[in-house]
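The values are calculated or read from the model by the stated rules, or taken from the named source; none is laboratory data. Quick caveat: nothing in here was measured; it's all calculated off a predicted structure. Backbone-built Cβ (ideal geometry, glycine too); neighbour counts: all protein chains shown. Quick note on the areas: whole protein, heavy atoms, side chains included, nothing else; ligands and nucleic acids left out. Shrake-Rupley method; radii C 1.70, N 1.55, O 1.52, S 1.80 Å.
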Amino acid sequence: MKSRLLIVDDEADMLRLLSRSVGKALNCHVETAASGEAALRLFASDAFDLVLLDIRMAGMDGIAVLEEIQARAPGFTVVMMTAYGAIEVAVEALRKGAYDFITKPFDHDELIHHLRKALERGRLLQENIVLKKQVNATETFQGLVGASPVMQGIYDTIDMLSKSDLTVLITGASGTGKNLAAQALHNLSARSKGPFVRVSCPTVPENILESELFGYAKGAFTHASTDHKGLFASADGGTIFLDEIGDIPPVIQTKLLQVLENNEFKPLGHNRTVKVDVRVLAATNRDLKEKMARGEFREDLYFRLCVVDLPMPPLSERREDLPLLVDHFLDRYCGPYGREKKLLAPDVMPQLMAHDWKGNVRELENAVKRAVVMSTGTAITMGDLGWKPQECVAGLETDDIITIPYRDAKESVLAQFSIRYLEKALEKSGGNVTQAARQSGMERQSFQQVMRKYGIRSDAYRKGAIN
């Protein structure tokens, strides 16, 4: 289906020119309006993908039309046209929701380039609206799993950043999902049809990292029998993801800075520079500011990489996502390993909720995978996980409690108390939540809230439940 474009200008000659040239260049259907009022009537009665709108018009001007469009359809893609020298007005339009602006008189190719990008942005917005509905329904987002507020914030941030070509530094401990976040930024962007090239910096030997990234010419060194274009050139038109960027040596840092500044580099043995159109994403579990202080990481490179920082939260900061994650991994591994979908024994989820998960989601995934393979019954037990009962819960009776920070120790002990208290209450009531709440002196709603926080299910305590 052809895209639909509405062009608004009070100059008849300009409308005729734009209608013919833009419609042909973009292979889209074009409607025109000679006034702001006529544009709004068309906008209300027809479905458009993009509006090209002149700012200075008799009667209702472009800014007023823009405000009305954004009020009716927040986020709708509008490109403004403005006379040379009226940049301040154009900037005001951007603040009021315009996507882009172009100054008159404009070059035809430049105009088409702006409009093509705007149409692509509108398409992505529609896809993201559908995607958000899927996220609400499935509690997953591009391979990331979690419904907690912190993860919803991550999804929203990725959604916004995917609309731009900004360089993003994804930070966080190992196992927090940095690779998935990078893949999501690419998948949701206008570059999604281009290549996504992941480079695991620590796994490439230092002496060949430069040639792998930037390529080399035939004869550049011993055994260089042919030209090799390198990973940056392979990512042209797409995204390159530099994983564990904090481990790259200084000589590579200098060359990488050149790419980020000028979108060009020289392959080894070449005298000419190579231009590339690549979005750069990077990730690290290191403290790059600390490395800068020690002179191990270039400060100018850091600020080029960290245009936007995307911190991935550790699992300990989103424990409420544990039941979703466990269910997700059970679905993923039970089938391939020839197992029926398994449940958790009643004492397992409270133990998982209290564990510190230093390896984050990756550690949890490995634990569930092991349990699926080792389990011989219909329910996964602590033994299937390779844990002894209560080994993962810190208690006041052990000297180990003073080896962790006060706040973490307090949370651990409170979690242990809450879990054990609710377990006993539900055991006594046979899984009747109303009765357990009444006997505990709590409102049913408050009791259920604590149950959800620690992943406790009442059906595990009812007669006939799996033990």
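For the chain, what class follows from the C-alpha gyration tensor (a ≥ b ≥ c being the square roots of its eigenvalues): rounded when a/c is under 1.5, otherwise prolate if a/b is larger than b/c, else oblate? It is oblate, given that a/c is not under 1.5 and a/b is not larger than b/c. In summary, the aspartates and glutamates within cross-link reach of Lys358, defined as a Cα separation below 19 angstrom excluding same-chain residues under 8 places away, comprise Glu244, Asp287, Glu317, Glu320, Asp321, Glu391, Asp400, Asp408, Glu411. Label zone of Ser234 (point 7 Å out along Cα→Cβ, amide N under 17 Å): in segment 249-274 this covers 267-268. Heavy-atom accessible surface of the chain, averaged per residue, reaches 52 Å², computed with a 1.4 Å probe. Label-to-label distance, Arg438 versus Thr376, with points set 7 angstrom from Cα along the beta-carbon direction: 4.4 nm. Multiplying the residue separation of Glu11 and Glu206 by 0.36 nm and removing their Cα-Cα distance gives an extension gain of 64.0 nm.
DSSP beta bridges fully contained in segment 1-155 are about 10 percent antiparallel.
Of Phe447, Phe303, the residue with the largest accessible area leads and the full order is Phe303, Phe447 (1.4 Å probe). Ranked from largest to smallest solvent-accessible area, with a 1.4 Å probe on the protein heavy atoms, Glu423, Glu340, Glu67 come out as Glu340, Glu67, Glu423.
Full extension of the chain between Ser45 and Lys289 yields a length gain of 82.4 nm, computed as 0.36 nm times the residue separation minus the alpha carbon distance. Annotation: peptides 317-325, 201-209, ranked by per-residue average of other Cβ atoms within 10 Å with the highest first, follow the order 317-325, 201-209. Counting only heavy atoms of the protein chains and using a 1.4 Å probe, Glu427 has close to 100 Å² of accessible surface. Taking 1.306 mPa s as the viscosity and 10 °C as the temperature, the Stokes-Einstein diffusion coefficient of segment 231-338 based on its alpha-carbon Kirkwood radius rounds to 94 µm²/s.
Approximating the spin labels as points 7 Å out from Cα along Cα→Cβ, the Asp459-to-Lys275 distance works out to 6.2 nm. Rounded to the nearest 10 square angstrom, Arg420 shows an accessible area of 100 square angstrom against a 1.4 Å probe.
Extending 7 Å from the Cα toward the beta-carbon at both Leu94 and Gln70 defines two label points whose distance is 1.3 nm. Only lysines eight or more places from Lys453 in sequence, or on another chain, were considered; those with a Cα closer than 19 Å are Lys410, Lys424.
Accessible area of Asp331 (1.4 Å probe, protein heavy atoms only, ligands and nucleic acids ignored): about 90 Å².
Cross-link partners among lysines for Lys2, C-alpha distance below 26 Å, same-chain residues fewer than 8 apart left out? Within the straight-line limit of under 26 Å, Lys2 reaches these lysines: Lys24, Lys117, Lys132, Lys133, Lys163, Lys193. Listed values for segment 63-77 are Karplus-derived 3J(HN,Hα) couplings in whole Hz (6.51 cos²θ - 1.76 cosθ + 1.60, θ = phi - 60°), namely 4, 5, 5, 4, 4, 5, 4, 5, 5, 7, 9, x, x, 4, 7, and x replaces Gly and Pro. Between segment 164-241 and segment 8-29, the C-alpha centres lie 41 angstrom from each other.
Legend: residues His186, His113, His108, sorted from most to least accessible area (1.4 Å probe; ligands, DNA and RNA excluded), read His113, His108, His186.
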